[in-house]
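What follows is one structure encoded as structure tokens, with my remarks underneath.
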Amino acid sequence: MHKVYFVTGTDTDVGKTVCSCAILNAAEQASIAMVGYKPIASGCDRTPQGLRNSDALSLQQASSVSVTYDDVNPYSFYRPVSPHIAAIEENKVIEFSVLSQGLANLKTKSDCVLIEGAGGWRVPINDTDYLSSWVKQEQLPVILVVGIKLGCLNHALLTAEAIQADGLTVVGWIANCIEPKTDNYTAMITWLGLQLPGKKIAEIPYLPHNQGSNLATYIDLAALC
């Protein structure tokens, strides 16, 4: 396996956290010390301990390595908006050096770091940079989560093309069914398998009430090697 993977999605709310936790659970079952990293999180709750994001907490809990919340999520914002808007509202500047320092720290504590992005591939962090700009700087292999629904074929292919245009590799993709009924589901999965780079590492069915439960069984870690 690679030392680091970056998980992105075809859009926001396509199940990046569910899929990331499934990978973390599968890694733990395979005795791989893997830790989750959510460098930027918008949409946090105010708690006595500070701002806390539910996705980052899920990654922290699913990690097979004990780390602090601040290790997992260095940039947390209260409102569930694009990071560049949230940063302006809170008078903060998202710095690549902070993201890289956090990644370097987690590398020392684990065999592998699984980074969950924010939104889709081109989510902005300021007026000139995207989170993908940092991924490009770090030259990270990418796992693409495809939220299976009408329109996902276009979104998946455009996202994969953008990743490759940045000089990065899509090492695997996950089909995550996010609607209770999807017409032409099998045909869509077949088409994605033919068109997308990288191997399909999971096909996760629609599971509205038990997300995160036993999802490790759907993950093919060998496809990432």
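Quick rundown of the values:
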| quantity | calculated |
| --- | --- |
| Filter result for Leu140 (touching a residue at least 40 places away in the same chain (Cβ under 8 Å), surrounded by 19 or more Cβ atoms within 10 Å (Cβ to Cβ) and in a helix (DSSP H, G or I)) | no |
| Qualifying residue in region 101-120 (condition: in a helix (DSSP H, G or I) and within 18 Å of Ile85 (Cβ to Cβ)) | no |
| Some residue of region 166-189 being closer than 18 Å to Tyr206 by Cβ, open to solvent by less than 50 Å² (accessible area, probe 1.4 Å) and in a helix (DSSP H, G or I) | yes |
| Top-ranked residue of region 143-161 - restricted to ones that are surrounded by fewer than 16 Cβ atoms within 10 Å (Cβ to Cβ) and among the hydrophobic types (A, V, I, L, M, F, W, C), ranked as modelled with the lowest pLDDT | Leu150 |
| Cross-chain or 6+ apart pairs with Cβ under 7 Å, region 25-46 first and without any contact (Cβ under 8 Å) to a residue 40 or more places away in the chain and under 24 Å from Ala86 (Cβ atoms), then open to solvent by less than 60 Å² (accessible area, probe 1.4 Å) and small (Gly, Ala, Ser) | Cys44/Ser76 |
| Cβ pairs under 9 Å, 6+ apart, first in region 62-75 and without any contact (Cβ under 8 Å) to a residue 24 or more places away in the chain, second part of a loop (DSSP other than H, G, I, E, B) and of a type in the set (Lys, Arg) | Ser66/Lys109 |
| Members of region 102-137 that are free of Cβ contacts under 8 Å to residues at least 24 places away in the same chain and open to solvent by 80 Å² or more (accessible area, probe 1.4 Å) | Thr108, Thr128, Tyr130 |
| Test: residue in region 77-91 that is within 25 Å of Ala26 (Cα to Cα) and hydrophobic (A, V, I, L, M, F, W, C) | no |
| Top-ranked residue of region 207-225 - restricted to ones that are at pLDDT 90 or above and part of a loop (DSSP other than H, G, I, E, B), ranked as least open to solvent (accessible area, probe 1.4 Å) | Ile219 |
| Enumerated strands (runs of 3 or more DSSP E) restricted to region 1-97, each holding at least 3 residues that are at pLDDT 95 or above and open to solvent by 20 Å² or more (accessible area, probe 1.4 Å) | 45-47, 50-52 |
| Cβ-Cβ under 7 Å pairs, at least 6 apart or on other chains, region 166-186 side over 30 Å from Met1 (Cβ atoms), far side of a type outside the set (Ser, Thr, Tyr) | Glu179/Lys149; Thr182/Ile148; Thr182/Lys149 |
| Residues of region 21-50 that turn out to be out of contact with any Phe, Trp or Tyr (no Cβ under 9 Å at 6 or more places or on another chain) and among the polar types (S, T, N, Q), as a count | 4 |
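The values are calculated or read from the model by the stated rules, or taken from the named source; none is laboratory data. None of these values were measured; they are calculated from a predicted model. Every residue, glycine among them, receives a Cβ derived from its backbone with ideal geometry; neighbour counts consider all protein chains shown. Just the protein is used for accessible areas: all its heavy atoms, side chains included, with ligands, DNA and RNA removed. Shrake-Rupley method; radii C 1.70, N 1.55, O 1.52, S 1.80 Å.
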